[in-house]
1. So which of A:5, A:22 ends up being at pLDDT 85 or above and over 23 Å from residue A:151 (Cβ atoms)?
2. So which residues in the range B:78-103 are more than 11 Å from the chain's Cα centre (by Cα), modelled with pLDDT under 85 and either part of a helix (DSSP H, G or I) or buried (at least 17 other Cβ atoms within 10 Å of the Cβ) (or both)?
3. Criterion first (touching a strand residue (DSSP E or B) at 6+ places or on another chain (Cβ under 9 Å), part of a helix (DSSP H, G or I), free of Cβ contacts under 8 Å to residues at least 40 places away in the same chain and in the same structural domain as residue B:81 (by TED's automatic domain parsing)) does residue B:139 satisfy it?
4. Could you look through the range B:53-71, keep only residues that are within 7 Å of chain A (Cβ to nearest Cβ) and modelled with pLDDT under 85, and pick out the one that is farthest from residue A:104 (Cα to Cα)?
5. Being over 18 Å from residue B:93 (Cα atoms) and more than 9 Å from chain B (Cβ to nearest Cβ) is the filter here, so list the residues in the range A:144-160 that pass it.
6. Confirm whether residue B:163 is surrounded by 20 or more Cβ atoms within 10 Å (Cβ to Cβ) and either touching a helix residue (DSSP H, G or I) at 6+ places or on another chain (Cβ under 8 Å) or not assigned by TED's automatic domain parsing to the domain that holds residue B:115 (or both).
7. Among A:120, A:159, A:114, which is the only one that is at pLDDT 85 or above and out of contact with any helix residue (DSSP H, G or I) (no Cβ under 6 Å at 6 or more places or on another chain)?
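The values are calculated or read from the model by the stated rules, or taken from the named source; none is laboratory data. Just so we're clear, the structure is a prediction, and the values are computed from it rather than from any experiment. Glycine also receives a Cβ, built like all others from the backbone with ideal geometry; neighbour counts cover every protein chain displayed.
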């Protein structure tokens, strides 16, 4: 079932066109060691698509949060700003770190080859290094550090916007009220 | 940091001057360096190494490190998912609550958003992307083994297969993202309304008229 669907997708015209476009070789690069490397459109897509995707996710999530009718306005505006800032910060951070992360992984792999470990194990470990280290660092930047920084940052941005009058928490919005508990529903005793 | 710990662990007299010296290159650490190999030799098998390399070596040679790397190489999707959910459901909300600078209610919203979006990604990954990846693999294998038996055109590990794989995966991700974030916003709002009902306008009960409710709230 799944495979049939996949094969019909793979045979569709637009998909064949795009796959052919992706595998087209645009230029060849020669390493300082003299190795030739073919660069295709697919490499470019891999480079720039994650950027576009995370921008899309950030914009959409913060927009949907801003438009939500269930949240009180005092809460949802800071949250929307928070999501946007977290996305942008994490993205720029991981882009900045990207090069050094690649270097670091290469370094770990080089160290691994020098260590006295069995060849079979070494292959496994090499694969693990390749997947784990970039992922670990990007997860830390994008999913943890940026989001943690974004929360207080969003608060200051929100305060600034409120001060400048760009965002107004109008009086028509329901004011914050005290929770209705069992005690408050009891008949009140006059003070005097 | 790691260097100091390593050096303390390796019974080197670690005064401040020593650590300072070790940071510069003119201090020879060839003799004291023992990465804890199976043989108890004190000689260094890779020549001169600096502190970071030492840390890398000790991580690679340790049993825990090898286990983590093996797990990552055998099932990368589970590795990434486990790490992501662990970060987003425990550590991140805790840190968000602790870090000062925002109102407490905003912090609560941010923490809850983190937990809920992480669990949503867990569900979507498990229900959509893991089966999709498996199906892709199967299709590629079929095309590789018997090209005429299936209509799937690209055998596995060819550049065309990789490009097709990338396009389908990301295409699906692009559109599921909309639904997932819609669900996220809804669930966050609902959960927060249940946790912090004081932020919601209290509705007048049946016994009271609207005027009475207003008066009481003032």
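1. Values: A:5 fails: at pLDDT 85 or above.
Testing whether each residue is at pLDDT 85 or above and over 23 Å from residue A:151 (Cβ atoms) leaves just A:22.
2. Listed by number, the list holds a single entry, B:102.
3. Numbers: touching a strand residue (DSSP E or B) at 6+ places or on another chain (Cβ under 9 Å): no; part of a helix (DSSP H, G or I): yes; free of Cβ contacts under 8 Å to residues at least 40 places away in the same chain: yes; in the same structural domain as residue B:81 (by TED's automatic domain parsing): yes.
Criteria not met by residue B:139.
4. Residue satisfying both the conditions and the ranking: B:61.
5. As a first pass, look at the range A:144-160 and keep what is over 18 Å from residue B:93 (Cα atoms): A:156-160.
The answer is A:157, A:159, A:160.
6. Details: surrounded by 20 or more Cβ atoms within 10 Å (Cβ to Cβ): yes; either touching a helix residue (DSSP H, G or I) at 6+ places or on another chain (Cβ under 8 Å) or not assigned by TED's automatic domain parsing to the domain that holds residue B:115 (or both): yes.
Considered against the rule, which asks whether it is surrounded by 20 or more Cβ atoms within 10 Å (Cβ to Cβ) and either touching a helix residue (DSSP H, G or I) at 6+ places or on another chain (Cβ under 8 Å) or not assigned by TED's automatic domain parsing to the domain that holds residue B:115 (or both), residue B:163 comes out as yes.
7. Numbers: A:120 fails: at pLDDT 85 or above; A:114 fails: at pLDDT 85 or above.
None of the other options fit; the residue is A:159.
A quick yes/no check of all residues on (1) more than 9 Å from chain A (Cβ to nearest Cβ); (2) at pLDDT below 55:
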| position | (1), (2) |
| --- | --- |
| B:154 | no, no |
| B:159 | no, no |
| B:169 | yes, no |
| B:176 | yes, no |
| B:200 | no, yes |
| B:203 | no, yes |
| B:210 | yes, yes |
